[in-house]
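Heads up, the thing below is written out as structure tokens.
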Amino acid sequence: MIAPKRLPFFFVALLAVGCDGSSDTPDAARSDAATPIDAATPIDAGAPVDAASPDAGLPTDAGDPTDAGDTDAASLDAGVPTDLSFRVVDVTLPEGVGTARGIELFTSEAALAAYFGGVAPAGVDFSREHALLYTEGARPFPGHLASVTALAISADGARLLVDTHHRAPGASCEVLGLERVAFQLVAFEATPSEAMERAHATSSFDCAASGASENTACTATMLCGADLICGNLTRGASGLCYSTDLWDAFFDPTEGALVDDGVTTRTLTATGLASVDVDVIAYVELTHADPSELRVTLTNPSGNEVIVFDREPAASPLVLARVPVGFSGDEDVNGTWTLRITDHAPGNTGTLTRWGVEVVSRWD
């Protein structure tokens, strides 16, 4: 289990969802599209998915009993809804996008571009298609999966009926302090209906019973067994299961003023890890009148300095939880880690509130 020191100061408590890796709990009824509801992460893009056939491996509501007055996910309307085929669109969400849980319909490229911060991702032909985004918001990584399992048009043609599923890591699973948005974007044949109703199901993955064993492959969908962490998922689509003894987080909670038009340097010492890095996550929290004047770097014990934040448009307070690019995976992790914050303009002041690093390591 994760010791308290492994939980970074940005950690948001995981909402309780599901019971085990084999059961779903349907919501009492479809909810309005504008109402946030619990959910999960992207699954691989592939061939079109038939609306009546949910993704392989994900539990569904079919046949489950519901409370009196509820409707089954497959027959949600008086009359017979028309199933819609859809396909998963493989996209990456920009930082800070998709944090509000729920579903959103996009009927134009301009609307999708606005959501994504100015440029619509490729993969949706709006001359004949609409797109639907389902997001569970930022969740501890890995293990949260969000998926659209069925789409249909109501019998009267007035509503788009959406089934979603959120799979969460169970109590026996280990997750990083890093959070990522769990979401899925799908494209389907354009329909005149823009009103939506949603049926939602949840489940959890039992790592102790079904997780991968030590030194075997793991992914965001196949997590590791109890007392193991999936390493390398911050850098690639797959990784290996490592003992939690090789994973830890180190924080410097000392608050201090940032040097105006100069360099602020802070250090901390990491101990008790293996020899080289598998995952490195940098956590920084600061206030500054204009964060876009700042450059933040992290240097590992081998002396390799990489960029964490480089004069990007941002609001204050600036709260970062990032995977820096540039560490080789074959560099020392035990020893002194150095944070440098360079203020490139005079006149604005700020404060470094706290910072830290989270490291998954291996023996070289």
| Using alpha carbons only: equivalent-ellipsoid semi-axes of segment 246-362, gyration tensor based, whole Å | 26, 13, 12
| message | Once you keep just the Cα pairs under 8 angstrom separated by 6 or more residues, what percentage relative contact order results for segment 246-362? | response | 49 percent
| What is the calculated FRET efficiency for THR287 to SER328, with r their C-beta to C-beta distance and R₀ = 41 Å, to the nearest 0.05? | 0.80
| query | Once phi is turned into ³J(HN,Hα) by the Karplus curve 6.51 cos²θ - 1.76 cosθ + 1.60 with θ = phi - 60°, what whole-Hz value does each residue of segment 132-143 show in order, with x for glycine and proline? | reply | 10, 10, 10, 10, 9, x, 6, 9, x, 10, x, x
| request: Return the sequence-ordered ³J(HN,Hα) values of segment 101-110 in whole Hz as given by the Karplus equation 6.51 cos²θ - 1.76 cosθ + 1.60 applied to θ = phi - 60°, using x for Gly and Pro. | output: 5, x, 10, 9, 9, 10, 10, 8, 5, 5
| Projected label distance in nm at THR221 and GLU255, using a 7 Å step from Cα toward the beta-carbon | 4.6 nm
| remark: Stretched fully, the stretch from THR99 through ASP83 gains (0.36 nm per residue minus C-alpha distance, one decimal, in nm) 2.9 nm
| message | I want to check the label-to-label distance for THR271 and SER316. Put each point 7 Å from Cα in the C-beta direction and report it in nm to one decimal. | response | 3.6 nm
| said: Using the crude model of +1 on Lys and Arg Cβ and -1 on Asp and Glu Cβ, and no other charge, please compute the dipole size for segment 235-364 relative to its Cα centre, in debye to 20. | reply: 120 debye
| task | Have a look at the DSSP beta bridges in segment 201-344 and tell me what percent are antiparallel, nearest 5. | result | 95 percent
| request: Could you tell me, in Å, what Rg and Dmax come out for the Cα atoms of segment 164-217? | output: 16.7, 51
| message | Only sites in a loop by DSSP and with at most 15 other Cβ atoms within 10 Å count here; which trypsin sites (Lys or Arg not before Pro) in segment 119-188 make the cut? | response | ARG128
| query | Short version: ³J(HN,Hα) in whole Hz for each residue of segment 252-269, in order, from phi by Karplus 6.51 cos²θ - 1.76 cosθ + 1.60 (θ = phi - 60°), x for Gly and Pro, what are they? | reply | 10, x, 6, 7, x, 5, 7, 6, 6, 6, x, 10, 9, 10, 9, 10, 8, 10
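Throughout, read-outs are computed from the coordinates displayed, never taken from laboratory work. Keep in mind that what you see is a predicted model, and the values were worked out from it rather than measured. A quick note on method: Cβ atoms are made from the backbone with ideal geometry, for glycine too, and the neighbour counts reach across all protein chains shown.
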